[in-house]
């Protein structure tokens, strides 16, 4: 990386991409910023409000609650999906038709449209027609996601684990495949235990892919919208209403343009902050890699 | 497992490792082998059960669905599938979805290839900041852009077209493509470029004839991810369309008729949205294992 | 500490080998004595990697026995054989420090901390790694990493042999000789059997006391570097060892004279007798370029040859000659006169080897 050529003509290669992304990102973002500092009555009447919407948003208890729920949700699914994904990757067969078959089966949930994921779980968990809902009731547990917030939470988390653990598993699987056999042989000659092999050979080689995995998972879980919207509609009450849904309701449903724009910006900034932390982490990892090569 | 004469030391090492692994597996206590398989099977069951249930529902008549719970279709019917495949308001949903997904894949990959090359080979003013800014778009919640997108595409007259959705999905797909491709391209030694230029290749010819074939598996993986994220996204796609380019996902919300939800048709439609994904995975199955590390192991 | 014996050993990667070509190792017997420094030398595809993997225990031989100190270990996995191995690409535990890397094999078997510390310091001292002990193994250079992976074998008291699988492949050329010398020094100090696999004759001869040259799945010669050079007992060893390789002339007896093609050779009576007694039609005379006498002017009993090319390499020159139709190479030291267009050659009888069906037979000489 250090031996990259310095050449500003490279900008020409970037330009088409830049124009497209700018069209999809910068113009809309400017609109959001514009709204966030104004009070819009109709197309011709608007007032400059400064930071008022931001203050209001930050003090809105409903939004604060949604933010807390969002963090709770993201951290919970990460805490389940990362270890589970690593374990699945370790269990997945390496060779033969089983390897291909398992690979295809594991990948499947990732390619299902998100609202369909919601529908699948809605059908699966309904008390009257769903296998899981019916089964739990038969077992004597009064399972009801429209009444019990705990049931709704549990189901949404189970759904997310079902939906996204494959991503972590596949990332780790490909990370594990990249470890040369010599490492395992050396470990055995050194009489390392299974745990030591995992701790000192497999896990270190997985750090790179895990950083990517955690980053992607954090982002997507933070933006989750379609699945809980279809499954629980955010309820019961607002117990499973996460940030995206709160925002959509505000912007489209209630047409509160100013506050929702301010909210959008805060929302985006939180994700950026976390993203920046990860980005620096990745960069440091790569720096270490280069030192190794030097 | 192929058993043939290895000719290079590397091949010998691979064969030796494989033979050793085989022996080791056989030497392992049977209980542990079965524990491994059992755990894997349990997870696969967990993955398949909800999908099976969807499949089960899609082959049942609505009266059977709403009647007693049955573990498999007692009264096997294809009526829901027939309905979807004969009613244009249904099947056009699939056509629309596939149309914008393919458009998005083409747009994204064609602008991302040169950009990723620039990032992997050159330093230039603002390169790091630009790359970071690109990644931030990957993090942008679609919900934030909902309203501005609606207004923007309405103003430029693209509302309810495939292009609108294809362009909107560029927001996260182009940065993703650049990021993945950059990883693969950095794995190609720079000497290849230099040799080609010394041999008198022009940049475009070198790029198309030499470089692109070298990272073909990376391009395959990138296309897979582009398909995946464009196919599964619904919030933007349904907001930017009404009737002309409506994706299948939002067509599915129409099943809420007067007599409640038409579960059978909803299930059949769901099954049909899973199929393209399975086909795509089947084609790239041999590259997934390597490709998922995104060139970054 | 162990003596490694290979008894009637053969290995094939095919489940049902039929022809000799199906075997990676053809039936062989061999002994690596305790404490020796050995090299296993051969071109790629000769079976040396296979043999190494059989000794280390990753591969189980198709037939025959591997004995460690007389005990059959055929089916024992590497960890039960008490051998250490240094791989082609350095294997270190990236996240651990050098100290922890060296301590790892001892800690895995629950060695008391005091003993671990003592051994690690001792080995680090020998390997000149003391200054790096606190550093993360990830940030070491390739040669330091190879030293660490060797050190993991040395810390153990119970290691009977260290196997090296082309360990210098990724080391910078200027560091190679340094590391080779280190290996040699360690060998003297630790009295451990070392087997070193390589395709580089220079590496083999600087490291090993005795070299086993492999060719088509068999050890064709086992001897000191000097023996391999002076008396290669197979034409392959002649070709493979030395630079340039040995000259071979296909010979026959015609009208009472030793001839090669159309050329009549002037050789000592002992050679004549040996050729006459041989019972095969596949006869070759071999002589090293170093031992061909080259004269710029006619001398007694010499054969006249054309000079085709002279490569001056500073302290010596390689002269390409043509004797009739036969191409020969000869080495001429810088203090000797260089021939110009013509040269007169003599083959000293004590330097000539007769090869019957590719194997050397001794020519008696006084």
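Taking every pair of Cα atoms in chain A, average 1/r, invert it to obtain the Kirkwood radius, and report Rg/Rh to two decimals. Let's see the in-between values first.
Numbers: Rg = 23.5 Å, Rh = 22.6 Å.
When Rh is taken as the Kirkwood radius, the ratio is 1.04.
From the mean inverse distance of alpha carbon pairs (Kirkwood) and the Cα radius of gyration, derive Rg over Rh for region C:25-119.
Taking Rh as the inverse mean 1/r over Cα pairs, Rg/Rh reads 1.03.
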Practice item. Specify the inter-centroid distance of region B:207-244 and region A:1-39, based on alpha-carbon positions, in whole Å. Key: 20
Check your understanding: How crowded by other chains is C:201-208, given as the mean number of beta carbons from other chains within 10 Å of each beta carbon?
Key -> 0
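Relative contact order, percent, of chain A when contacts are C-alpha pairs under 8 Å separated by at least 6 residues? Provide the component values of the computation, followed by the final result.
Values: 265 pairs, mean separation 79.4, N = 294.
Value for chain A: 27 percent.
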Exercise for review: Counting helices only, and only those DSSP H runs with n ≥ 4, report the 222 nm mean residue ellipticity of chain C as the sum of -39,500 (n - 2.57) divided by its residues, in deg cm²/dmol to the nearest 500.
Suggested key: -7500 deg cm²/dmol
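How crowded by other chains is B:54-63, given as the mean number of beta carbons from other chains within 10 Å of each beta carbon?
On the way: counts 7, 0, 2, 6, 1, 0, 1, 0, 0, 0.
Partner Cβ neighbours, averaged per residue: 2.
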Review point. For the Cα atoms of chain C, what angle does the longest principal axis make with the long axis of helix C:173-190, in degrees from 0 to 90, nearest 10?
Key: 70
Point to revise | Per-residue Cβ neighbour rank within 10 angstrom, fewest leading, B:72, B:53, A:276 | key: B:72, A:276, B:53
Revision key, fill the gap. Per-residue Cβ contact counts at 10 Å, fewest first, order C:300, C:144 as C:300, C:144
**Study point:** Cβ crowding within 10 Å averaged over residues, with C:301-308, B:216-223, B:30-37 ranked highest first
**Key:** B:216-223, C:301-308, B:30-37
Review point. Using the per-residue mean of other Cβ atoms lying within 10 Å as a proxy for protection, in what order, highest first, do the peptides B:75-81, C:159-165 fall?
Key: C:159-165, B:75-81
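Taking Cα pairs under 8 Å and at least six residues apart, what relative contact order does region B:7-110 come out at, in percent?
Numbers: 28 pairs, mean separation 15.1, N = 104.
Relative contact order comes out at 14 percent.
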Point to revise | region B:84-291 pair-distance distribution - Cα-Cα, 10 Å bins, rounded % | key: 8, 29, 30, 21, 9, 3, 1, 0
Check your understanding: If contacts are Cα pairs under 8 angstrom and at least 6 residues apart, what is the relative contact order of region C:197-342 in percent?
Key -> 16
Point to revise | Cα-based equivalent ellipsoid of chain C: semi-axis lengths in Å, sorted from largest, via gyration tensor | key: 47, 25, 15
Study note, to complete from the structure: Over chain A, the sum of -39500 (n - 2.57) across DSSP H runs of at least four, divided by residue number and rounded to 500 deg cm²/dmol, gives at 222 nm -22500 deg cm²/dmol
Review point. For helix C:113-127, what angle does its Cα long axis make with the longest principal axis of chain C, in degrees from 0 to 90 and rounded to 10?
Key: 30
Revision key, fill the gap. In whole angstrom, the spacing between the Cα centers of region A:96-111 and region A:194-254 equals 22
Check your understanding: Could you give the distance between the Cα centres of region C:190-213 and region A:148-184, to the whole Å?
Key -> 48
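Where does chain B land at 222 nm, in deg cm²/dmol rounded to the nearest 500, when only DSSP H runs of n ≥ 4 count, each adding -39500 (n - 2.57), divided by all residues? Intermediate values should be presented prior to the final figure.
Working: 14 runs with 214 residues, N = 297.
It lands at -23500 deg cm²/dmol.
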Practice item. Binning at 20 Å from 0, report for the protein assembly as shown what percent of all alpha-carbon pair distances ends up in each bin. Key: 11, 33, 29, 18, 8, 2, 0
Study note, to complete from the structure: By the mean-Cβ-within-10 Å protection proxy, highest first, C:269-282, A:143-156, A:172-185 rank as A:172-185, A:143-156, C:269-282
Point to revise | Rounded tilt (10° steps) of C:98-108 against the dominant C-alpha axis of chain C | key: 70
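Taking other Cβ within 10 Å of each residue's Cβ, how do A:95, C:138 sort, fewest first? Can you show the working numbers first?
Working: A:95 11, C:138 17.
By the 10 Å Cβ count, ascending: A:95, C:138.
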Practice item. Please give the average number of partner chain Cβ atoms lying within 10 Å of the Cβ of each residue in A:119-130, rounded to a whole number. Key: 6
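A short reminder: the numbers here are calculations on the coordinates, not readings from a lab. Just so you know, these numbers come straight off a predicted model, no measurement behind them. We place every Cβ from the backbone using ideal geometry, glycine too, and count neighbours over all the protein chains shown.
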